[in-house]
Amino acid sequence: MNAEEELLAQVFSKLCTNNRFILGIDGLSRAGKTTYVKRIASILTEKEIECTVIHLDDHIVGRSKRYNTGREEWQEYYYLQWDVESLVKTLFINLIHSDEIELPYYENETDQHVNRTLNLALKRVIILEGIFLQREEWKPFIDYTVFIDCPRDVRFARESSQTQLNIEKFRNRYWKAEDYYMEKLRPVEEADLVIPFTQLMKY
């Protein structure tokens, strides 16, 4: 049984006894999470299993709350990029039983939030995709977690050439936060399934 078959077996097994399955796709920036989510969602749709995808990056806070706060840049990214506790109350705690969830969606162009209603009626699989997904506040709400494991050099190479020019931002903000996450919460060891990036490239 390959990794994909193992994941689908878990989904089908859980759905035999529960109405809804919460699947988490974790991984660091540019690891290939979105690519994998699209594939799994497509397979579930082909098997006539209603699913929906929630990207946690759609629910970050405004810039003033995550930049120039007086904290170290990596702390801003890890602790302040999302309102972690608010998402527990508005999103995570409602995933299993709610048919509708009202959430603030962040619009990068305007640096504003727009409230939208997420319709979960008849959705049997909810796929959550995002970095730091296994933080202790969110992990208890997820039935099964996949971690996409991709080396830093490969992930950085997948950034645009313009973005790569600001390498100091990666060193001070993103990479330090990633190192903290990997060392403190050990997401590779804690995930139910780990998929190497090289395996994603075969899809």
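Among the candidates K89, K123, which residue alone is buried (at least 16 other Cβ atoms within 10 Å of the Cβ) and of a type in the set (K, R)?
Unique residue meeting the criteria: K123.
For D58, all conditions in the list (1) within 24 Å of D179 (Cβ to Cβ); (2) assigned to a helix (DSSP H, G or I); (3) among the charged types (D, E, K, R) hold save one; what is the number of the exception?
Among (1) within 24 Å of D179 (Cβ to Cβ); (2) assigned to a helix (DSSP H, G or I); (3) among the charged types (D, E, K, R), D58 violates only (1).
How many residues does region 12-57 contain that are among the aromatic types (F, W, Y), more than 30 Å from F156 (Cβ to Cβ) and in contact with a helix residue (DSSP H, G or I) (Cβ under 7 Å, 6 or more places away or on another chain)?
Within region 12-57, the first condition is being among the aromatic types (F, W, Y), and the residues that meet it are 12, 21, 36.
Then drop every residue that is not more than 30 Å from F156 (Cβ to Cβ), which leaves 12, 21.
So of that shortlist, the ones also in contact with a helix residue (DSSP H, G or I) (Cβ under 7 Å, 6 or more places away or on another chain) come out as 21.
So the answer is 1.
Out of E100, E107, E76, report the one residue that is among the acidic types (D, E), crowded, with 16+ Cβ neighbours inside 10 Å and either out of contact with any His (no Cβ under 6 Å at 6 or more places or on another chain) or in contact (Cβ under 8 Å) with a residue 12 or more places away in the chain (or both). Even if it seems obvious, please write down each step before you answer.
Values: E100 fails: crowded, with 16+ Cβ neighbours inside 10 Å; E107 fails: crowded, with 16+ Cβ neighbours inside 10 Å.
E76 is the lone residue from the list that is among the acidic types (D, E), crowded, with 16+ Cβ neighbours inside 10 Å and either out of contact with any His (no Cβ under 6 Å at 6 or more places or on another chain) or in contact (Cβ under 8 Å) with a residue 12 or more places away in the chain (or both).
Looking for whichever is within 24 Å of I54 (Cα to Cα) and surrounded by fewer than 20 Cβ atoms within 10 Å (Cβ to Cβ) here; the options are D143, D179. Which one fits?
Answer to the selection: D143.
In region 154-176, what count of residues is obtained for those that are loosely packed, with under 12 Cβ neighbours inside 10 Å and of a type in the set (K, R)?
Residues in region 154-176 being loosely packed, with under 12 Cβ neighbours inside 10 Å and of a type in the set (K, R): 0 in total.
Can you tell me how many residues in region 180-203 are assigned to a strand (DSSP E or B) and either modelled with pLDDT under 90 or not β-branched (V, I, T) (or both)?
Applying the first criterion (assigned to a strand (DSSP E or B)) to region 180-203 yields 193-196.
Going one step further and asking which of them are either modelled with pLDDT under 90 or not β-branched (V, I, T) (or both), we end up with 193, 196.
Qualifying residue count, region 180-203: 2.
Under 9 Å between Cβ atoms, which residue pairs at least 6 apart in sequence (or on different chains) link something in region 150-179 that is over 9 Å from W74 (Cα atoms) with a partner that is of a type in the set (K, R) and surrounded by fewer than 14 Cβ atoms within 10 Å (Cβ to Cβ)?
That search, which allows pairs on different chains as well, returns T163/K169.
The values are calculated or read from the model by the stated rules, or taken from the named source; none is laboratory data. Quick caveat, the model's predicted, so the values are computed rather than measured. Glycine gets a Cβ as well: all are built from the backbone with ideal geometry, and neighbour counts include every protein chain shown.
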